[in-house]
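Below is one structure, written out as structure tokens, with a few remarks after it.
The values are calculated or read from the model by the stated rules, or taken from the named source; none is laboratory data. None of the values given here were measured: they were computed from a predicted structure. All Cβ positions, glycine included, derive from the backbone under ideal geometry; neighbour counts span all protein chains shown.
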């Protein structure tokens with residue numbers, strides 16, 4: 001069964017179409033890297049996939065359901081531009097809160113486990129306000145994965161990260177892929193993304209001009225796809 | 001019921017955040033005390049006439065000081081894009097709204113309960129014999145204020161001029177609730193009962209709360225989802 | 001073709017409305033007799049009361065249009081809503097000014113806390129808030145959606161406030177702006193003129209709404225063109 005499908009998505013800002021006729025579908029174990037210039041519509045598309053916005057036309061289905069249904073959202077993990085954790089709460093409080101919001105039976109225990117996994121157990125009672133950027137990013141990733149989602153939607157997860165954080169994210173995403181999860185991520189960091197991706201999509205001015213499996217040529221020459229579509 | 005439990009989780013989160021920094025709470029309380037002081041220059045606190053407008057004065061103080069708290073409501077979610085994470089979670093937007101409105105109710109009533117004794121002292125008004133019905137009026141009217149304020153906080157969350165727009169939008173709309181609260185408070189402080197001809201104000205408050213809570217719960221999802 | 005038809009309709013409505021108003025003015029100022037208690041000034045009532053009727057109709061229509069917008073998401077409903085609110089605000093101002101002039105002549109004071117005047121002032125503030133909100137949101141779809149929600153709240157509030165003020169004034173009575181002839185019933189000629197003027201004003205109001213709607217549509221087109229230019 002396809003885990004994530006977009007059917008004929010359109011999104012308007014006033015009369016201006018930010019997304020046109022975007023359609024694709026992916027199944028479990030797929031890691032889709034969404035490429036495109038700034039303003040191509042990547043963030044808009046990801047927000048539609050995550051159920052944070054409504055399309056003007058068309059629809060999104062996650063595990064066969066609309067993304068606004070609670071059952072679908074419980075299986076979805078989202079990581080956007082902002083880290084989406086509260087500065088004024090501690091690491092453990094943040095993760096416990098989101099655990100509860102996602103209906104986890106033992107939210108605090110899951111939170112503690114994840115803090116161990118991302119190496120933040122020793123600062124679990126410190127306020128997020130005091131963390132470094134890399135620590136915040138790791139905590140954000142834990143928040144997104146806490147409830148063991150089947151589908152992950154990530155908006156530029158590698159942007160402005162230190163090496164340790166990048167390594168952690170790559171490891172976690174690799175694990176998720178191996179476990180059959182579905183990942184969609186937009187990125188400018190072609191190299192890191194192409195290592196993890198199984199499929200590549202390219203958005204040009206709101207249209208999906210390329211969608212297919214990752215080829216050896218793409219890995220060898222990351223800029224090839226952009227040049228091929230006249231975007232370089 | 002899960003909806004209620006989710007709302008309470010959100011409410012607890014808001015309260016914990018606020019109580020940790022106490023920024024909005026302190027500002028609101030300070031503002032309330034300053035207004036009480038300023039009113040004492042505008043109106044002679046010892047005069048009999050002031051006793052007659054006491055209900056009105058008190059609710060003006062609550063309304064003005066309240067916007068400082070209401071503004072924070074959705075604005076506190078903006079840092080780090082936390083609002084996106086809340087909306088993306090399985091919690092229905094209506095539950096997010098209800099939780100925030102409940103947290104606002106607690107914070108607003110806290111400010112009111114501190115202002116009330118100060119008011120009693122400054123204006124020589126005896127409120128202790130009527131505390132229970134007064135508390136009832138406080139809760140009813142403050143819920144109306146919280147519902148409208150929280151809803152419009154959601155509506156204005158992404159605007160530059162949010163702090164300016166919220167009072168401009170909220171005040172005209174809560175006039176019926178303020179009217180009722182002022183009337184009931186004045187009546188209670190004068191030692192009269194709320195039965196009889198003043199009961200219609202209680203009915204107005206209840207109707208106001210029911211209508212606007214229902215409207216807010218129905219429409220908040222539209223506002224929060226782009 | 002459609003544009004030409006629309007323009008003809010607008011011109012026809014404006015012309016008809018203007019002629020009718022002119023004729024009404026003639027009747028009001030010259031043909032109707034003086035009122036028993038108030039003398040000549042009562043004639044302003046023929047604009048004062050219909051202005052209220054028109055503004056209330058406009059706000060009601062805006063509320064309906066806003067609800068329809070939220071259901072259908074078609075920009076035409078949003079254009080109607082803002083046009084109806086702006087016209088409603090204009091007529092509320094007319095009602096307020098005519099009321100103030102009337103009060104000044106009859107009681108020598110510019111303002112009385114007459115229930116209708118008070119309600120009008122509150123209503124004015126509510127819808128000025130609506131117009132301010134619209135100005136504060138740059139993006140057209142977001143603006144339409146959020147102002148539609150506010151419009152529904154606004155109309156609900158306006159209805160509740162009307163009732164509340166009515167009750168307040170029964171407990172705290174004050175001067176009321178109105179008129180009755182002789183034994184308390186209204187002269188049929190005056191009553192008919194009241195409704196005639198109302199319909200004439202409605203015609204003018206409708207023409208204004210149509211003109212304003214066209215303006216909205218053009219603004220949307222310009223905005224879309226601008227976004228497209230930036231995307232290139």
Item to check | Among the residues listed as B:213, B:186, the single one being within 15 Å of the chain's Cα centre (by Cα) and either within 17 Å of residue B:70 (Cβ to Cβ) or more than 10 Å from chain C (Cβ to nearest Cβ) (or both) | outcome: B:213
Checklist entry - In this structure, is residue B:136 modelled with pLDDT under 90 and farther than 30 Å from residue B:77 by Cβ? => result no
Checklist entry - Which of the residues belonging to region B:166-189 are buried (at least 20 other Cβ atoms within 10 Å of the Cβ) and without any contact (Cβ under 8 Å) to a residue 12 or more places away in the chain? => result B:172, B:175
Next on the checklist: Being at pLDDT 90 or above and either surrounded by fewer than 16 Cβ atoms within 10 Å (Cβ to Cβ) or on the phi > 0 side of the Ramachandran plot (or both) is the filter here; which residues of region C:102-120 pass it?
Outcome noted: none
Checklist entry - In this structure, does residue B:94 turn out to be under 30 Å from residue A:147 (Cα atoms), out of contact with any helix residue (DSSP H, G or I) (no Cβ under 7 Å at 6 or more places or on another chain) and at pLDDT 95 or above? => result no
Checklist entry - Got at least one residue in region A:28-50 being farther than 24 Å from residue A:197 by Cβ and either out of contact with any strand residue (DSSP E or B) (no Cβ under 7 Å at 6 or more places or on another chain) or modelled with pLDDT of 90 or more (or both)? => result no
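Give, as residue ranges, the strands (runs of 3 or more DSSP E) completely inside region A:1-68 that count at least 1 residues that are over 19 Å from the mean Cα position of the chain (by Cα) and within 13 Å of another protein chain (Cβ to nearest Cβ).
Where strands (runs of 3 or more DSSP E) fall fully within region A:1-68 and carry at least 1 residues being over 19 Å from the mean Cα position of the chain (by Cα) and within 13 Å of another protein chain (Cβ to nearest Cβ), they are A:2-13, A:16-27, A:57-62.
In region B:103-112, is there at least one residue being more than 10 Å from chain A (Cβ to nearest Cβ), within 30 Å of residue A:49 (Cβ to Cβ), in contact with a helix residue (DSSP H, G or I) (Cβ under 9 Å, 6 or more places away or on another chain) and buried (at least 24 other Cβ atoms within 10 Å of the Cβ)?
no
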Checklist entry - What about residue B:36, is it part of a helix (DSSP H, G or I), out of contact with any strand residue (DSSP E or B) (no Cβ under 6 Å at 6 or more places or on another chain) and within 14 Å of chain A (Cβ to nearest Cβ)? => result no
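Looking at B:197, B:192 in this structure, which one is part of a loop (DSSP other than H, G, I, E, B) and either crowded, with 23+ Cβ neighbours inside 10 Å or free of Cβ contacts under 8 Å to residues at least 12 places away in the same chain (or both)?
Within the list B:197, B:192, the selection yields B:192.
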Item to check | Test: residue in region C:145-154 that is in contact (Cβ under 8 Å) with a residue 24 or more places away in the chain, within 14 Å of chain A (Cβ to nearest Cβ) and touching a strand residue (DSSP E or B) at 6+ places or on another chain (Cβ under 8 Å) | outcome: no
Checklist entry - Can you tell me which residue in region B:73-100 is farthest from residue B:39 (Cα to Cα), limited to those that are in a helix (DSSP H, G or I) and without any contact (Cβ under 8 Å) to a residue 60 or more places away in the chain? => result B:88
